[in-house]
Amino acid sequence: MTLSTNSWPSLPQIVVSHPSIQNIVSGISIAFSAGVFVSLNLLGAGGGHPESAHVIQTTNAILSSVWFFSACVGGTYLKMLGPAVTMCFGVCTYALYVGSLWYYEVSGQQIFPLVGGAVVGIGAGAVFITSGYIQVAYSDEKNKGKFIAIQNTLQATGSTICSILPVILNKDNMSRSGVPPAIYITYITSMLVVAMLALLTLRRPAQVKAAGVSSTAHHQLQCDLLRELKANLSVFKEWKLLLMLPAFLPAGSFLIYLGSVNAFQNSLRARSLLSFVALVVQVPFGHLLHMILDKPDWTKRARSLAGVTFVGLPLCIAWVWEIARTRNIDRTTPPSVPLDWADHEYGASMVLFTLNWTASILWQYIVPWFIGALDIPPEKLSHYMGVQRGFLAAGEAICFGVDAARISYVVFSGAIFAFYAAGIAVLFYIGAYELKEIDSHGLIATRRPPTDLEAEGSNQVEKERTGI
């Protein structure tokens, strides 16, 4: 059973079906679904008060737990429903989730956000498996980093737009008060519009092929349910996937940690500004990373190792700084007066928050690039991307549980740093030993040294060319 969008009215097919347009629409869909989620979490526990954080964190723990299972089998329902229906459904669940946070903010009733968390857990898997598949499968060796950077830039742009409103509306608000209703209404309306855009424009790989998509996605994205589910689960037996699990797990942990610390220490206008600045700074560094990962005159090995270093070094610095900064913080006694942007300590908080956010978000750029660089068979790409997002969600669920238990921030940050360090080691190993070079014909290029006869012939050709 499959659903098709072939007969739906849309923009001219040749434009809509181009890989770059598909990637942009996917990025816009993330911007106004997950991007809004990021904005709300950066405002602190859904924009609520510290005393309501426990309920919101429990909701998010439910969300991430359901997301884990949803994403791990996401390749199956993506192939059954297609990108358009899958993405549209996912974005709509985010709108429901935002509505549940608004309801809780107004009424204090817990049931709606708890149910909303479970529903959006399914939707988050749908959104991220679709976007991840498009950014890796609809790109080629020369622009994979660019596709990933564009999607993440659009997500950051969406979060930035969503963060501007709180900064403007709360510029004179020095309390920890929650998010105004106008912001929730704007978020929900934007999500529903974007859901319709995704439904009308996203295409299956077979439809994109005619517009020049890379051979990575030329296989038909349709399947028999039971056969595909079995294939989906079989990837858990593959050593490449198991090797990368330590890199998958911590990828979303910083969102929970930074959102919690932000709400604990800062006034609403202070944390609104932190969120806005961090999201803006992320964009240029994301494109610097994609220039490294797509550099045409470097080998894949050189690009991968340079990329991991570019991300890993500031990532380690940021988390070690977090450990040092939080060693004396007692979570049971929030500061009586929250830190404001007029306080002299705010500058250091801004630098650390921005460094941590930027380095941690770049981790979400480079891990999908490695999946694409491993030359995984096209029919397995959606499964790998689903598992990657599933374990990201599992890491978030663990962090939400840790935060709800009020584990000290120094232990919290130390554990996250340990997971990132393990992930960095894994990516360095893969970059150094497991990536294969692909020549201009799409064939694996060997790295063996030339034989004496080959070397002599090469030298003779060079002499004839230069006249020496």
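Remarks
- Overall form of the range 13-438 per C-alpha gyration tensor (a/c, 1.5; a/b vs b/c): prolate
- Least to most buried among H18, H383, H54 (fewest other Cβ within 10 Å first): H54, H18, H383
- A simple rule links phi to the HN-Hα coupling: the Karplus curve 6.51 cos²θ - 1.76 cosθ + 1.60 with θ = phi - 60°, which for the range 182-195 gives 4, 5, 4, 4, 4, 4, 5, 4, 4, 4, 5, 5, 5, 4 Hz, with x for Gly and Pro.
- Here the relative contact order of the range 13-438, from alpha carbon pairs under 8 Å that lie six or more residues apart, stands at 29 percent.
- Within-14-Å neighbourhood charge of S408 [Cβ basis; K, R +1; D, E -1]: +1
- Segment W239-A422, extension gain: residue separation times 0.36 nm, minus the distance between their alpha carbons: 64.2 nm
- Each of I164 and A432 was given a label point 7 Å from its Cα along the Cα-to-Cβ line. The distance between the two points is 4.6 nm.
- Spread of Cα-to-Cα distances over 5 Å intervals beginning at zero, given as percent, for the range 270-313: 5, 22, 22, 17, 12, 10, 7, 3, 2
- Amide H to amide H distances under 5 Å link E437 with A445, where only residues 5 or more positions off or on other chains count and H is placed in the peptide plane.
Any read-out appearing in this document is the output of simple, stated calculations on the displayed coordinates, not a laboratory observation. Not measured: the values here are computed from a predicted model. Cβ sites come from the backbone with ideal geometry, for glycine too, and all protein chains shown count toward neighbours.
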